[in-house]
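Below you'll find the structure, written out as structure tokens, and then a few comments.
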Amino acid sequence: MSYLIAIIILALAIPIGFFLKWITKEEIESGKKYFKALFISAFLLSLFVLLIPIEYNLKISSFFALLFMAIVSFMSWWK
């Protein structure tokens, strides 16, 4: 059940990213490289979190939080 909620929240990252892009059009153009860097770093960190030996609940929550950040930043600078 908790994975289903996490997947629903991750799916909500897509419209949130597009909403942020729509609200902050001028800032996105000047900060596009930062959103790209945030996407790459959050995505790589989310994969790294899966490999380090920490408590399972902390690992999963960190993974989903970083993946949420990666998706929002990707949707903000994409296209």
Output for Cβ contacts, cut-off 6 Å, separation at least six or different chains, first residue surrounded by 12 or more Cβ atoms within 10 Å (Cβ to Cβ) in the stretch 35-57, second in a helix (DSSP H, G or I) and among the hydroxyl-bearing types (Ser, Thr, Tyr), reads PHE35/SER73; PHE35/SER76; LEU38/SER73; PHE39/SER73; VAL49/SER62
Within the stretch 67-79, restricting to residues that are aromatic (Phe, Trp, Tyr) and part of a helix (DSSP H, G or I), the one that is modelled with the lowest pLDDT is TRP77
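A quick yes/no check of all residues on (1) at pLDDT 90 or above; (2) touching a helix residue (DSSP H, G or I) at 6+ places or on another chain (Cβ under 9 Å); (3) among the small types (Gly, Ala, Ser):
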residue	(1), (2), (3)
SER2	no, yes, yes
ILE5	no, no, no
GLU29	no, no, no
SER41	yes, yes, yes
ALA65	yes, yes, yes
- Any residue in the stretch 40-53 that is among the polar types (S, T, N, Q) and assigned to a helix (DSSP H, G or I)? yes
Meets criteria (in contact with a Phe, Trp or Tyr (Cβ under 6 Å, 6 or more places away or on another chain), free of Cβ contacts under 8 Å to residues at least 40 places away in the same chain, buried (at least 17 other Cβ atoms within 10 Å of the Cβ) and of a type in the set (A, V, I, L, M)) for ALA70: yes
Just one listed residue, out of ILE60, ILE5, is more than 11 Å from the chain's Cα centre (by Cα), exposed (fewer than 13 other Cβ atoms within 10 Å of the Cβ) and either of a type in the set (A, V, I, L, M, F, W, C) or in a helix (DSSP H, G or I) (or both), and it is ILE5
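The values are calculated or read from the model by the stated rules, or taken from the named source; none is laboratory data. Computed from a predicted model, the values in this text were never measured in an experiment. Don't worry about glycine lacking a Cβ; one is built from the backbone with ideal geometry, like all the others, and counts go over all protein chains shown.
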